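**Student:** There's a structure below that I have some questions on.
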Amino acid sequence: MSNPKRNLEKIQLLIGAWETKTPDKSFGGMTLVQFKAQVQPSLDAREDIERLEGELQSAQVRREQADETSLRRIQLAVNGILADPTEGPDSDLYEACGYTRASERKSGLTRKKKTPTPTK
């Protein structure tokens, strides 16, 4: 499996060694300039990814801020449905919005059954 971080390290290590030790020699039928040109797409792709990740983070922040506003607007609309004399908390509209009608709510009262203790 490919390891992008390790691949970048290999590219940078080879370029650094080649530049400092033998910048005028050719290896694998390539000069240092030719090698750099050949590996540039890898470096460009990494820059694109870094830029896109920054854009993604910005979009996520914008989404969070927009969601906060949207959720406040939802609450206002639902409160309006609840307060409307023709709709209210027992209406089809209220239920269609994902809420439980007042008439369908359970009381919440539960009575635990007593389990008899086993006798020996």
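**Student:** Could you say which residue among 70, 103 is at pLDDT below 95, part of a helix (DSSP H, G or I) and polar (S, T, N, Q)? If you could, list the steps in order and put the result at the bottom.
**Tutor:** Details: 70 fails: at pLDDT below 95.
Only one candidate qualifies: 103.
**Student:** Taking region 76-107 only, how many residues are among the hydroxyl-bearing types (Ser, Thr, Tyr) and open to solvent by less than 70 Å² (accessible area, probe 1.4 Å)? Before you say what the answer is, go through the steps one by one.
**Tutor:** Taking region 76-107 and keeping what is among the hydroxyl-bearing types (Ser, Thr, Tyr), we get 86, 91, 94, 99-100, 103, 107.
In the following step, the residues that additionally are open to solvent by less than 70 Å² (accessible area, probe 1.4 Å) were identified as 91, 94, 100.
Count: 3.
**Student:** Pairs, please: C-beta under 7 Å, at least 6 apart or cross-chain, first residue farther than 14 Å from residue 7 by Cα and in region 31-51, second of a type outside the set (S, T, N, Q) and open to solvent by 70 Å² or more (accessible area, probe 1.4 Å)?
**Tutor:** Filtered contacts from region 31-51: 32/19.
**Student:** Here is a check on your reading of the model: is residue 50 closer than 30 Å to residue 11 by Cα, open to solvent by 100 Å² or more (accessible area, probe 1.4 Å) and part of a helix (DSSP H, G or I)?
**Tutor:** Considered against the rule, which asks whether it is closer than 30 Å to residue 11 by Cα, open to solvent by 100 Å² or more (accessible area, probe 1.4 Å) and part of a helix (DSSP H, G or I), residue 50 comes out as yes.
The values are calculated or read from the model by the stated rules, or taken from the named source; none is laboratory data. The structure displayed is predicted, hence computed values, not measured ones. So basically every Cβ, Gly included, is an ideal-geometry build from the backbone, and we count neighbours across all protein chains shown. Side chains included, ligands, DNA and RNA excluded: accessible areas come from the protein's heavy atoms. Shrake-Rupley method; radii C 1.70, N 1.55, O 1.52, S 1.80 Å.
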